[in-house]
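Report on the following structure.
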Amino acid sequence: MNATLEVADVFRDGEDRFRARYGKTLSPAQRQVLRAVLRCRTAALGGHVQCCDDCGHQQIQYNSCRNRHCPKCQAMARAAWLEKRENELLPVPYFHVVFTLPQELAPLALQNQRMVYGALFRAAAQTLLEIAADPKHLGAKIGCLMALHTWGQNLTHHPHVHAIVSGGGLSPDGSRWIHGRRGKRRKSFFAPVKVLSRVFRGKFMASLKEAFAAGKLGFHGQLKSLGNPAAFEQLLNRAVRHDWVVYAKRPFSSPLCVLKYLARYTHRVAISNQRLVGLRDGRVSFRYKDYASGQHDKVMTLETPEFLRRFLMHTLPKGFVRIRYYGFLANRQRNQRLDQCRELLGVQPRPNEPALDDAVPAEEDAQSRQSCPTCPACQRGKLVIIEHVSPSPPLRLRRPHMLTARETLAKWFDTS
């Protein structure tokens with residue numbers, strides 16, 4: 001593995017060929033991500049000069065782009081987010097549940113991201129909350145956190161949500177804490193995954209039919225025929241012929257393990273710099289886990305324009321919230337509900353913290369938390385800012401004729 005290779009290097013290598021092939025079909029959001037990744041922590045964004053107060057060593061620290069799709073900007077965002085989430089953990093088991101859309105519906109989701117991804121969140125959350133509230137299963141109001149992922153290990157389109165679910169919840173009247181059931185061999189989830197799968201499938205399909213009837217779905221390119229009600233019904237029939245994949249893992253051993261696990265999923269992008277293996281002759285190689293063959297680690301090699309296409313395919317719509325909270329963790333009155341849970345569990349209350357979304361914190365806030373780092377040269381002194389570097393002139397991006405967002409996705413990804 002090349003430790004110095006970054007996604008931005010791949011972008012620079014394949015940018016011209018990628019623009020020649022797909023430039024006319026890029027959406028504004030995808031253009032923004034492409035531009036941000038290329039400029040992140042370069043002179044184009046400006047920065048500051050640091051000087052060691054002991055040995056005089058100087059170095060330039062360039063600013064980050066703070067784009068949520070940039071691999072280099074997620075560590076800072078993740079650390080601040082996890083600090084807030086730590087105050088919300090309860091001393092109860094937590095489960096990891098994954099809800100996945102079938103591949104038959106993935107192209108439809110790609111052309112209707114905001115609607116379909118939103119329906120995916122709602123269907124998964126309603127499934128967990130309603131089944132948990134049923135006295136036959138748990139009879140309690142649980143708390144859950146969900147994060148959307150749209151990619152597979154090889155960067156193909158694979159929409160699914162990861163949910164972290166409390167192993168118990170508040171009674172309907174809020175007077176007691178109801179613990180999850182315990183199996184003979186291990187702590188068990190409140191409902192079998194087959195039950196979750198069928199309820200989830202029914203709720204999502206109902207949302208899809210409602211959106212189609214209301215004219216909220218668009219069909220372009222190879223999907224244009226789905227605008228016909230009979231063809232759309234055939235697609236839905238193919239999608240429901242089998243159970244949908246819902247996976248529930250064993251409970252985490254401790255709240256600390258929950259935090260470590262969250263760090264892997266909440267602020268992840270389609271691929272990290274650490275997975276890149278090499279870049280040569282316009283082709284990039286990266287590691288991926290092949291779940292179809294025993295989860296073995298393999299290496300895939302793609303032309304850099306194809307790598308860019310797959311990466312930018314996972315750009316979320318502007319303003320779309322990819323981390324959401326439900327049950328007693330819902331944003332409204334979250335602190336009050338958590339205080340109630342702690343009181344019923346007999347644990348020390350924590351100070352209230354304001355709700356925090358998945359936005360990246362300001363660069364200045366991160367610098368204040370990490371002010372005066374140790375000098376890498378002498379390992380004794382502290383680096384202090386002695387000068388600010390102004391951004392270089394912005395890149396002049398070509399602005400070809402723009403199609404509508406749905407039309408561009410349809411034309412661009414007909415080959416996927």
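Just so it is clear, none of the values below were taken in a lab; they were calculated from the coordinates. Treat the numbers as computed from the prediction; the structure is a model and nothing was measured. For neighbour counting, all protein chains shown are included, and Cβ atoms are generated from backbone atoms with ideal geometry for every residue, glycine included.
Once you have the Kirkwood Rh of region 43-85 from its Cα pairs, apply Stokes-Einstein at 25 °C and 0.890 mPa s and quote D in µm²/s.
On the way: Rh = 12.5 Å.
Result for D is 196 µm²/s.
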request  = Please give the contour-minus-distance gain from Gln222 to Thr374: 0.36 nm per residue of separation, less the Cα-Cα distance, rounded to one decimal in nm.
outcome  = 49.1 nm
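Consider all pairwise Cα distances in region 63-152 and report the whole-number % of them above 23 Å. Walk me through the numbers before you get to the answer.
On the way: 1841 of 4005 pairs.
Beyond 23 Å sits 46 percent of the P(r) for region 63-152.
Report, to two decimal places, the Cα Rg of region 197-300 normalised by 2.2 N^0.38 Å (N = number of residues). Don't skip to the answer; put the middle values down first.
Working: Rg = 20.1 Å, N = 104, 2.2 N^0.38 = 12.8 Å.
Normalised Rg, Cα atoms only: 1.57.
Translational diffusion coefficient of region 186-236 at 10 °C, 1.306 mPa s, Stokes-Einstein with Kirkwood Rh over Cα pairs, in µm²/s as a whole number. Don't skip to the end; give the middle numbers.
Working: Rh = 13.0 Å.
D, rounded to a whole number, is 122 µm²/s.
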ask   = In units of 2.2 N^0.38 Å, what is the alpha-carbon radius of gyration of region 1-121?
value = 1.48
message = Would any residue of region 116-160 have its amide N under 15 Å from a label point 7 Å out along Cα→Cβ of Arg287? List them or say none.
response = 153-154
remark   = Unit-weight point scatterers at every alpha-carbon of region 121-264, Debye formula, q = 0.09, 0.18 1/Å: log10 I(q)/I(0) is -0.37, -1.16
message = Let me check I've understood the local charge: for Thr100, count other residues with C-beta under 13 angstrom from its C-beta, Lys and Arg +1, Asp and Glu -1. What total comes out?
response = -1
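Exposure proxy check: Phe286, Phe219 ranked by fewest other beta carbons within 10 Å? Can you show the working numbers first?
On the way: Phe286 26, Phe219 20.
Lowest count first: Phe219, Phe286.
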inquiry  = Using only the Cα atoms of the chain, what are the Rg and Dmax in Å?
reply    = 23.6, 75
query = Using θ = phi - 60° and the Karplus form 6.51 cos²θ - 1.76 cosθ + 1.60, what ³J(HN,Hα) does each residue of region 60-68 get, whole Hz, x for Gly and Pro?
reply = 9, 10, 8, 6, 8, 7, 6, 7, 5
inquiry  = Residues of region 222-245 with backbone nitrogen within less than 16 Å of a virtual label 7 Å along the Cα-to-Cβ line of Arg198, please, listed as ranges.
reply    = 240-245
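Order of Cys144, Cys51, Cys372 from fewest to most other C-beta atoms within 10 Å? Could you put the intermediate results ahead of the total?
Details: Cys144 24, Cys51 18, Cys372 13.
Going from sparsest to densest Cβ surroundings: Cys372, Cys51, Cys144.
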query = What order do you get for Thr304, Thr127 when you list them from fewest to most C-beta neighbours inside 10 Å?
reply = Thr304, Thr127
